[in-house]
Structure formats: C-alpha cells, structure tokens
Amino acid sequence: MLLEFQVTFNLHRDVLPWVSTQESPVSETLDRSSRTLRIINVERDGNVLYTWKGVEGLTSVGIYDPGSKQNKLLYSFDHEVNIVSASVNNEKTLLALSYCHPIHESQSQLLSPVSRYLALLIEIKPINNVKVLKAVDGCIRVQFLCPAENMYPSNESHLLVVSEEKYIDKYHMITREEDGMGVVIKNIGPIPKERIAEDFVWVQWDMLDQMLFYVVPKRAGCVLHCIQFFPDGNFKFVLEIPLEISLVDQGVSLVNLGFDSPEERGRRKSVSQNLQVFRNKAGGLCLFYYQASNVLQEFAYMVAFLHKGCSKTFKVSTTMTDPKQLKKVSLINIDYYVAVYFPDQFLHLINTRHPDLMCYHLFLAAEDSKMSGMCSQGPLETVFKNHVIECCTGNLFSVSINQARLLKFLTESRQDCDRLAALHCFLLHLDLQSQMETQIIEWICDNLSTCVAFDPIQEFIIASLHRQLSLETAYLDKLLPYTSVPFWSRDIDGVSCTTDISDMPIFKTGMFKGFWEKFHAELEYMKHTQQRFLYNNHIQRRDWCRLISEVDTLEKRNDVYQRNILENAKKVLRNLTTRKYDGRTVPLNYEEEYLQKDLMGLMMVKLKDHLLQHLHHIAKNKVDKIVLDFVCKQLDLVCQILDVVWKKLALDHSVLSLDGRGSSSEYIAFHVMCRITDAASRMCMPLPPGFQTLHLVLAVRCLPIGNLLHYIDAGVLALSETFVVKLLKELADNETNEKLKYSIILRLPKHICEKVHNLWDHHISNNVIAMKYVKKLLFRLTQREASQQSPSDRAPLYINFLPLNYLIMMLSKVEDRALNPFEEDNIDAAFLEEIALKQTAELINLQPRCPL
C-alpha cells in the first residue's frame, strides 16, 4: 500500500476491556457493549469520546486519554438514548452532548422533551447537574472550543451548537470551584449565547486551528465563509469565496462535527462528505467537491486551489454501477497531499502545494491502489491532518506515505510522469533517512538515459536545494525554483484534467497571523507572474559567456564588477575548505579552476541581487549567508551524487592513476560525471573543485585518444591546469603518450598553456618554448625600432623560423642590443639555434619526424 495506516486507537483493544469491568455480569456486558460501543468525537488533544449501552438500560459516555492510555467515565443516563454528539472542555470539567429522543417513549421520563433532539450541558463533578441548552426537532451537534493550553482563564469555556435547522450559536460559560462540590457553572440563569452563522447548507469544523467553514447558497452558486476563533473566545469573519457549485438540494451536511451513529447515517440521504476543505502548513487552502455523474462509469471531482486562483476538474473511468458507491469515497489530508480514495477503483494523491502540472500528482489504479485491512462499508473520515477514523470498526489511524512502497513505485514505473511525481514527493515533501536518499540517488544514476521528459540530476539538485533552503527562511520558497520541468503537456493514463480560473477570496479583516499570514502571502505571490519572482540560473548565462570570452584579458581583473565576482568566489572556496567531509569517498582534490571560480562568484552576485529585490524584511548579511549556503549546498549535492556512485561501484583512489586502463565500473562513473557536467551546463551552475580533473583522469583511463579529444572539443571535458600538470609528470614519453600530451597541449587555453611547457622535457615542448620566446623577442625589437621611425616607415612583423641563417643573424643583433634578454626564461641563442636546427632537419627529412 502506498499509504501507510497505523492504528493509534482501537475501541475493542483500548476500551472494551475497561468497559467490561464497569458492569456485571461480564459476559452479557461484553456482548452488548461490543455491539453498541462507538466513537462519538475526537478532541483537539487526541482524547477520544465514546458511548456504549449496558445490560441494565444504561447509556454511558467515556473518554480515553492516549497519553496515559487511561479510560474515564464522564456521564451515564439511567435509560437508553441515542447519543448523536458530545464534547468536553479543555479542563475536563464540563460535558456537552446531544441525543435523539425516541418519540414513542413516555414523556414522564426525566428530561424527556417534546422535541426529538436535546442538547445538554453537564457538570462532570458533581455529576447530575444538568442544563438544557436546546430542545429542537432537527439534529444538533456540540463542540467546545479548545484553545492552546493556558491561553485564557480556566474558568471560561466556549461551546458551539450547530443545528440542522441552519444556525450556529456560541455559548459562553463561566465556572467556579465550590468546596466539596467540584467545579460548577456560575451562570444561574440562561447561559449567554450569540448567533454566529445561519442559512447554511454545509459546515466543516477545523479542530487544529479552530476555524469554522460554512457554505451559504446564492442565486448563482454558493459562497464559502470562514470564521476564525481566538484563544479568548472571540471570533472574526476572515474571508468569503464565491463557488460555482450547487448544494441546495443536498440538505445540511456536517463535517468533522462528531461521527454519526448507524441510525443517523441511514437517515441522511445525501453524501455528507462530498465537500471538504483542506489546508497545508505552507498556506495552501483547497476545496474538494464531487457528486454523482450522469455517466455512472465516470467519476468526476473538482479541486479549487483557493491559494492559486484556479480549479481543476479530474475525470476517471470506473466500473461503478450504483451512485451509492460514492459513499465509499474517502478524502484524506496528508501534509501537502490530499488522497482521493475510491475502493477497488483508484487512489489519487493530489499535490496541494504545487498543483500546476499533472506530473506533480500521483495516480494509481487497479492493484496499485488497493489498501489491505481496511473496512469497505464506509468512507474514512478525516479527523485532522494525517489522522482518519474508520467508524465501522472504531479504529483511529495515523496516515503517512509509505516511503518503501513509494520507492518501489518509482523503480517499477515506466512513465516519466509517474517517476517525476514520485521524485517530487520524495525530494520536497518527505523527511528522508540517509539510506533512502542513497537509494534514490542510485535510481537516478541507473536511469539517466531512460527519463526523456526531464533530467533526474537537475530535478534532484533543484528540488533538494529548494527543500533545504526553504526550511530556513520564510518566503524563500517563493523565490527559488522547485523543479526543472517548466511545463507538461503529455497525457496521463487513467485520468484527465481541465483547468479553470476561479474567483479570488475576499478578506473580511486585515488580520494576518499564523495560517492566514501564509495564505495571504500565497495570494500575493499568485497575483504576480511567477517568472518575475523565481530565480533562474539562465539569467546569468549571458554574463557567463562574456566571462569565458574575456578569460585571457588582463583588463577584466581591474573592473569593479569582476573584482566583486572574484571576492564572492573566494567566500565560497573558503567555506568549502572549512567543511568536514570525513565520510567522503570520492577523491576530489581541492583546487581552484579558473572558470569555475568565476561562475561561483557570478552565481552569488546574481542570486544576491534577486533576493535583495524581494526580501526587504531580511538584513543584507542574512541574504549574504543564504546566497553562500545556496552555492555551497549546490556543490555539496554534486559531491553527494559522486559519493553514492563511488560506494556503489567500490571505487577507490587508484582511479587517479593515469597509467592504466579503466574498468567497467570506472566507465559507469565517467558516464555519470558526463551527465552531471551536462546538467550543470544547462543550469549554468558551477562544479565542485577537483571535479573536472577527476573527470579528465577517468576519461584518459576509459576512452581511446580519438574519443577523448572529441569530448574535449565538444566541451564535455574541460581541461584544467592540475590535470595537465599531472599528465605531463606521470605519463612516460612513449609514442602513444607523446601524441596524447601534444594533442592536449594544442587544446589548452592560453592562460594554462603558458604555465605547463616548462614541465615537459621534450623536443615538442622545447619547440613551443623557443617559438614563444622568439616571438616575444622580435616583438620587443619591432616596438623599439618602430618608436624611432615615422609611422610611414613602419612595416608589419612577420615571424618565421626559416631560413636558418637569417634567424641566427637577427637573434644575434637583438641579443647584443637587449638588456638581460634571456633572464626571464633561462634560455639563450645557442638553445634557440639547436631547436631551429632540429626543426629544419625535420622539415627537410634528415631525421625521423617527431610524433604530432
């Protein structure tokens, strides 16, 4: 099962043995209690309220504390009643309940009203002190407000009474302690109340954040309202949202306000759970709605992403033959996902944080969607986030995504949409253990060529960066990209989707705290174009190309902008040297590669400018730290991929030797590094120090010379000074190696080439040294003579080694007139003469030609 259900409460396990000790005989009690025992409410602190009927006609209400795992009797009726709803206040001193009074019973019974439904307020200690709150013909639900602990005086309690007659009242109780009597209600007369909503057709209570959502029908559609309750018992109307749905003919639906008894479920003709509101901790607010379709074999459900200003309608083909099967549909809130589960049909995990593209949602059908061990008689009802109740069995479950099953789904998937959805879930929404993260990286490296619609390396780096940095600073998730996929136009098997623009929520107050502050930020972000906010590595590509073209110019180091880039690059390199990499197995030697250092600095400059543009509430030094962390963690992620590859392939430091041929494992590592280089190039991001040298060493070991040179010419391999020095020093000068060395030297950038010729004691290198020196010497001579002549007398300079006599004559004249002409390079005319003679002899075929 992709969803993992863990039983946190079970009536028969946690309550029934205790109930059996409350009455006698035990055998009869167990039999009757096991049949009538059921859950009636779950409070914010996790306490479970339940009821059962005893053998002597008693109806009792008990409470289970999951912390102490203890049960407690709250109240007992001396006759049988059908309890509909119950709630206990924060201090466990008051119990509110409602029950259905059978019409045929004698009206002489205690507290037996003429009306069918009765709502009571009971003082738990002393017992039997009862106040009647409501006596009506429509069903009543009760719910105490449960603020955070110690948020207001313990002698105050606030109770919501929701009636199917379409009104909601809030009662305010003040209690006092009496010696020997316990806690009693201070109000002598009627308890103060106020009307907070009316004329609704649907109500949902949010237990965690104490919000009340309700829908009022209008001529064209409906309007969703929300009330926020505060710790002091006050409340405010927060927002209203127009909805293009119709709930008029479905009667009143009550969600998360207790759990219906079998009798009540049979009385309700409508599907009470077909409309629900879900939130996520990032400020996402979504409304899910479904109803019976004219085509039974097609199930359609609409999701309004209120924080995104859009709605999506999904349609799935099913084998449904009866509209009553819709009562089995479950909506389950799981962090940043809401699961739409239709037993024996499908499981759809809808991404509520990033709903834009279909490839971010997980859709499973047939065998993949089945959940074993679940009751199929009714839906799972969401209590609060990550917790559902199965009323038919009395089980309370915590729900999470099974990471092992999701990994199996990832490895077995053959479609890019499924792979991307699973990767997105892993990297952005799940807390991964190191072992699971390693397995994901291994899958990425094994499937580099099978993913067509996206690059898994890019996805890993971008998504991991977004996850790590977004946890540190508020609103940073709006400024950094979370995926490498800009759009998705492919179909997804089994489900179709249409997107519509929805009306914007209307705020009724300027109060933005907690969830509403994040929701308001989501709306503000949604109003603007995403491209204006999201940082994109490609914005620096033009400047990066200019840096490459100017890499050999001396002027660029004097520019203020270029010096700023270098200073930022030095910060990255200093930060990398202070990090500890005790567990690292990949042999990356610390070195400064000229172009990569420039790219590090450039990325810091561009990202800093981007963040300072939007994070006005954050100090500049904090932004500097964010930018530094961004670049360093980006490099760390590349190293993390390499470490996993090295461990999996059992490679060691022997791969750093240039003398030897590479194994198949080394070739796999080389291929992965090629894909990392390609991904980095497309993202315009730097590579870790030492990466290019290691890549080149593996290329020398694994590739023929022709292929190696082709990779260099194509830009897949970038020559580094450390590698060239290693090549010239370690490889012996045989025919093959001389050809390799000379081919590499010919391809060196100018700033590297000038440094390495003196390291190779070979006639090829000597030729280059000689030509370089002669060019410099003749250039100085020409400059001196040009300064003594008029502009019309100046002639262009032609440098050539032949004929030999002319060369010697010219060098002798220059040598006589120059001041210390050979001091820099430690060469003289005799050395140049020897080199010239050898080259001349070679050109006229007087000796075998040296390998070129």
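The values are calculated or read from the model by the stated rules, or taken from the named source; none is laboratory data. Note that the structure is a prediction, hence the values are computed from the model and not measured. Heads up, the Cβs are rebuilt from the backbone with ideal geometry, glycines too, and the neighbour counts pull from every protein chain shown. Surface areas here come from the heavy atoms of the whole protein model, side chains and all, with no ligands, DNA or RNA. Shrake-Rupley method; radii C 1.70, N 1.55, O 1.52, S 1.80 Å.
Note on SER434 and ASN589: the model spin-label points, each 7 Å out from Cα along the C-beta direction, lie 2.8 nm apart.
Take the Cβ-Cβ distance between ASP446 and SER20 as r, set R0 to 60 Å, and report the resulting FRET efficiency rounded to the nearest 0.05.
0.60
With r defined as the distance between the Cβ atoms of LEU471 and ASP659 and R0 fixed at 51 Å, what FRET efficiency is calculated, to the nearest 0.05? The pair LEU471/ASP659 has a calculated efficiency of 0.60. Relative protection proxy for 711-722, 64-75, from highest mean packing down: 711-722, 64-75 (other beta-carbon atoms within 10 angstrom). With θ taken as phi - 60° and the Karplus curve 6.51 cos²θ - 1.76 cosθ + 1.60 applied, the whole-hertz 3J(HN,Hα) list for the stretch 341-358 is 10, 10, x, 6, 10, 6, 10, 10, 9, 9, 6, 8, 8, 10, x, 4, 10, 5 Hz, x standing for glycine and proline. Converting phi to 3J(HN,Hα) with the Karplus coefficients 6.51, -1.76 and 1.60 and the offset θ = phi - 60°, the stretch 457-471 yields 5, 4, 4, 4, 5, 5, 5, 5, 4, 4, 5, 5, 7, 5, 6 Hz in sequence order, with x at every glycine or proline.
Each label was represented as a point 7 Å from its Cα along the Cα-to-Cβ direction; for ASN187 and SER115 these points are 1.5 nm apart.
If DNA, RNA and ligands are ignored and the probe is 1.4 Å, what is the ranking of THR393, THR21 by accessible area, most exposed first?
Ranked list, largest accessible area first: THR21, THR393.
A straight chain from ASP713 to LYS281 at 0.36 nm per residue would run longer than the Cα-Cα distance by 150.5 nm.
Sorted on the mean count of surrounding Cβ atoms within 10 Å across their residues, most packed first, peptides 138-147, 5-14 read 138-147, 5-14. Using only Cα coordinates, the Kirkwood hydrodynamic radius of the stretch 609-688 works out to 15.2 Å. Stretched out straight at 0.36 nm per residue, the stretch from SER68 to THR509 would grow longer than its current Cα-Cα span by 154.7 nm. A full extension of the chain between ASP78 and HIS614 corresponds to an added length of 186.4 nm, given 0.36 nm per residue minus the alpha carbon distance. The alpha carbons of the stretch 265-421 give a radius of gyration and a Dmax of 15.3, 47 Å, in that order. How high is the FRET efficiency from TYR667 to GLU730, r the C-beta distance, R0 25 Å, rounded to 0.05? Efficiency for this residue pair is about 0.75. Distance between the modelled labels on ALA650 and ALA292, one decimal in nanometres: 6.5 nm (7 Å Cα→Cβ projection).
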